[in-house]
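Trainee: Take this structure, written in structure tokens, and hold onto it; I'll ask about it next.
The values are calculated or read from the model by the stated rules, or taken from the named source; none is laboratory data. This is a predicted model, so every value here is computed, not measured. When we count neighbours, we look across all protein chains shown, and the Cβ atoms used for this are built from the backbone with ideal geometry, even at glycine. Just so you know, the surface numbers come from the protein's heavy atoms only, side chains and all, with ligands and any DNA or RNA stripped out. Shrake-Rupley method; radii C 1.70, N 1.55, O 1.52, S 1.80 Å.
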Amino acid sequence: MSLPSPHLDDRRFEDLVDDAMRFIQRRCPEWTDHNVSDPGVALIEAFAQMVDQLSYRLNRIPEKVQLGFLELLGVQLTAPQAATTELTFTLSAPLSAEVVIGAGTEVASVRTGATPARVFTVDRELTIVPTSLTHIGSAGAGAPPELVTERFLSGEPVTCFSTPPVPGDALLVGLDNAAPRCAVTLRVDCRMDGVGVDPRRPPAGVGGVVRGRLGVMRGGERRDRRPQPAG
């Protein structure tokens, strides 16, 4: 990408002639003939034409000269570098064996009519390890962890956080194989309990105020939501 062309001198032929005429009126008031037929005016226009060409060339200095000026000011250009990004590989279905993505694997972006595909090369080998859930537990804030794997596998409900939840509560998940640099999908089936009312059967009111309060679990924090007046 080339640098934008600077405008070191934006004066043109007419500007140069006008500046010279105003200078003559101040310094040489006895010069009254400013017509183009006057030899002095002809010389002014000739010099203005030459200066106009020099200004044009000055504004069209090559990029090498611009870089030289920047070096004189202490500005150093950054060396060209390859673009980098983070790639995420997703399996279309669970596999029982490891999947190895070797270093040097090429991945390209979607090609459109106006934009060509951009090709990236994987710089490190990635091993996608098959893994499954083997243990589950919970730990309250400042409390030792407690395994509830047997209850969870038997289908019993498991409480993940304290009642009420406090910052520092943790849900512990154990896998049969370590999965470094891999993203593990965790799907949770939970139940929302109400305070004062059943959230599955909220009271309905027409023309009045519905009284009640719902407890909502969001991000480990308990929030109370009061219904708004109906009608």
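Trainee: Does residue 78 qualify as being β-branched (Val, Ile, Thr), part of a loop (DSSP other than H, G, I, E, B), open to solvent by 80 Å² or more (accessible area, probe 1.4 Å) and more than 23 Å from residue 187 (Cα to Cα)? Show your work before the answer.
Mentor: Numbers: β-branched (Val, Ile, Thr): yes; part of a loop (DSSP other than H, G, I, E, B): yes; open to solvent by 80 Å² or more (accessible area, probe 1.4 Å): yes; more than 23 Å from residue 187 (Cα to Cα): yes.
Considered against the rule, which asks whether it is β-branched (Val, Ile, Thr), part of a loop (DSSP other than H, G, I, E, B), open to solvent by 80 Å² or more (accessible area, probe 1.4 Å) and more than 23 Å from residue 187 (Cα to Cα), residue 78 comes out as yes.
Trainee: Let me ask another. For the stretch 189-200: of the residues being open to solvent by less than 100 Å² (accessible area, probe 1.4 Å) and in a loop (DSSP other than H, G, I, E, B), which is modelled with the lowest pLDDT?
Mentor: In this case the residue turns out to be 194.
Trainee: Condition first: of a type in the set (S, T, N, Q), modelled with pLDDT of 85 or more and open to solvent by 80 Å² or more (accessible area, probe 1.4 Å). Now tell me which residues in the stretch 89-127 satisfy that.
Mentor: 121
Trainee: Examine the stretch 52-69 for a residue that is modelled with pLDDT of 80 or more and polar (S, T, N, Q), and state whether such a residue exists.
Mentor: Yes, there is a match, as at least one residue in the stretch 52-69 is modelled with pLDDT of 80 or more and polar (S, T, N, Q).
Trainee: Take the residues in the stretch 25-74 that are of a type in the set (D, E, K, R) and either surrounded by 10 or more Cβ atoms within 10 Å (Cβ to Cβ) or assigned to a loop (DSSP other than H, G, I, E, B) (or both); name whichever of them is farthest from the chain's Cα centre (by Cα).
Mentor: The qualifying residue farthest from the chain's Cα centre (by Cα) is 30.
Trainee: Turning to a different aspect of this structure: Please go through the stretch 128-154 and give me each residue that is open to solvent by 40 Å² or more (accessible area, probe 1.4 Å), part of a strand (DSSP E or B) and either in contact (Cβ under 8 Å) with a residue 12 or more places away in the chain or of a type in the set (A, V, I, L, M, F, W, C) (or both), ordered by number.
Mentor: 133, 134, 135, 147
Trainee: Determine whether residue 20 is touching a residue at least 24 places away in the same chain (Cβ under 8 Å), more than 30 Å from residue 127 (Cα to Cα) and surrounded by 10 or more Cβ atoms within 10 Å (Cβ to Cβ).
Mentor: So residue 20 fits the description; yes.
Trainee: Okay, next question. Could you list, ordered by first residue, the pairs with Cβ atoms under 6 Å in which the first is in the stretch 172-196 and farther than 19 Å from residue 97 by Cβ and the second is at pLDDT 75 or above and of a type outside the set (Gly, Ala, Ser), at least 6 apart or interchain?
Mentor: Taking only residues 6 or more apart or on different chains, the pairs are 172/145; 173/136; 174/134; 174/135.
Trainee: Quick one: count up the residues across the stretch 84-126 that are farther than 26 Å from residue 179 by Cα and of a type in the set (D, E, K, R).
Mentor: Residues flagged as farther than 26 Å from residue 179 by Cα and of a type in the set (D, E, K, R) within the stretch 84-126 amount to 2.
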